[in-house]
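The values are calculated or read from the model by the stated rules, or taken from the named source; none is laboratory data. Bear in mind that the values here come from a model prediction, so they are computed numbers and not experimental data. Heads up, the Cβs are rebuilt from the backbone with ideal geometry, glycines too, and the neighbour counts pull from every protein chain shown.
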Amino acid sequence: MKTQSSMNKMVSRIGFWSAILTTVWAIWFIVAFGCYMSSIPSEWPGIEAFAASFETVPYIAWVIPCLLLALTFPIMMSSIYFYASDDKKIWSLLGLIFAVMYGAILAANYWLLLTVVRESLLSGYTEGLEWFVIGSPHSITNTIEGIGYAFMGLAALFVSQVFDGDKLKNWLRWLFIVNGVAGIAGVILGGLGIIMATMVSLAVWCVTFPVATAMLAILFKRASGVTA
């Protein structure tokens, strides 16, 4: 019983801190990315003009939290897996699988953006770079980002089924459902070029995701007092 109690507390601590960090990275990204997008032209100016006007600080400010989010989100999901009751572990496992897929794909994607793409822009080496710059209509990294966030949406939908019972858990259930649907819809609508609907989905994601992860931190903090 003591060993089980120690494990429960360890899961709760890891879950709490990973949820807190995920919330911080998400808010940081939302603010920084909004500032970054407002500073670049709405119409793609071409890679030469983009490179000439490139500013390092706003760019790094939104890429870093995205990279950190790709690291802490799977850890948070692994904590949900161990937190889930036996009859709901299949849902938490499915969520964890898609979270790991999201983390692996987007950690590599954002590291590429932070290093090779940024250094190329700074050096003025633009040959073929249009395929890798976020914002370019021909961007491969933007497409990879989309499939990564679709996996995150699927992870949110699956883990939503873990939570039921009291008011906090019911809130978590619906927040993860709405967030997952918004994330997946945003990716699909963006791929179809339906911009206005994509922006609405993104706005819903920006509200529901940090609220859900912050409430998850509260749940793990409360669970840390359990002496099973």
Lone qualifier among Ala212, Ala156 - being among the aliphatic types (A, V, I, L, M), within 30 Å of Pro137 (Cβ to Cβ), surrounded by 21 or more Cβ atoms within 10 Å (Cβ to Cβ) and touching a residue at least 24 places away in the same chain (Cβ under 8 Å): Ala156
Segment 34-64: number of residues that are assigned to a helix (DSSP H, G or I) and under 25 Å from Gly124 (Cβ atoms): 20
Single condition Leu121 does not satisfy, out of (1) farther than 19 Å from Leu189 by Cα; (2) at pLDDT 95 or above; (3) not hydroxyl-bearing (Ser, Thr, Tyr): (2)
Among the residues listed as Thr115, Thr141, Thr126, the single one being among the polar types (S, T, N, Q), within 19 Å of Pro45 (Cα to Cα) and either in contact with a Pro (Cβ under 9 Å, 6 or more places away or on another chain) or in a helix (DSSP H, G or I) (or both): Thr141
Residues of segment 65-93 satisfying the condition of being assigned to a helix (DSSP H, G or I) and farther than 26 Å from Phe29 by Cα: Phe82, Tyr83, Asp86, Asp87, Lys88, Lys89, Ile90, Trp91, Leu93
Tally of residues being modelled with pLDDT under 95 and in contact with a Pro (Cβ under 8 Å, 6 or more places away or on another chain) across segment 78-104: 0
Qualifying residue in segment 69-77 (condition: closer than 27 Å to Gly128 by Cβ and at pLDDT 95 or above): yes
Residue count, segment 56-76 (criterion: crowded, with 21+ Cβ neighbours inside 10 Å, over 17 Å from Thr213 (Cβ atoms) and among the β-branched types (Val, Ile, Thr)): 1
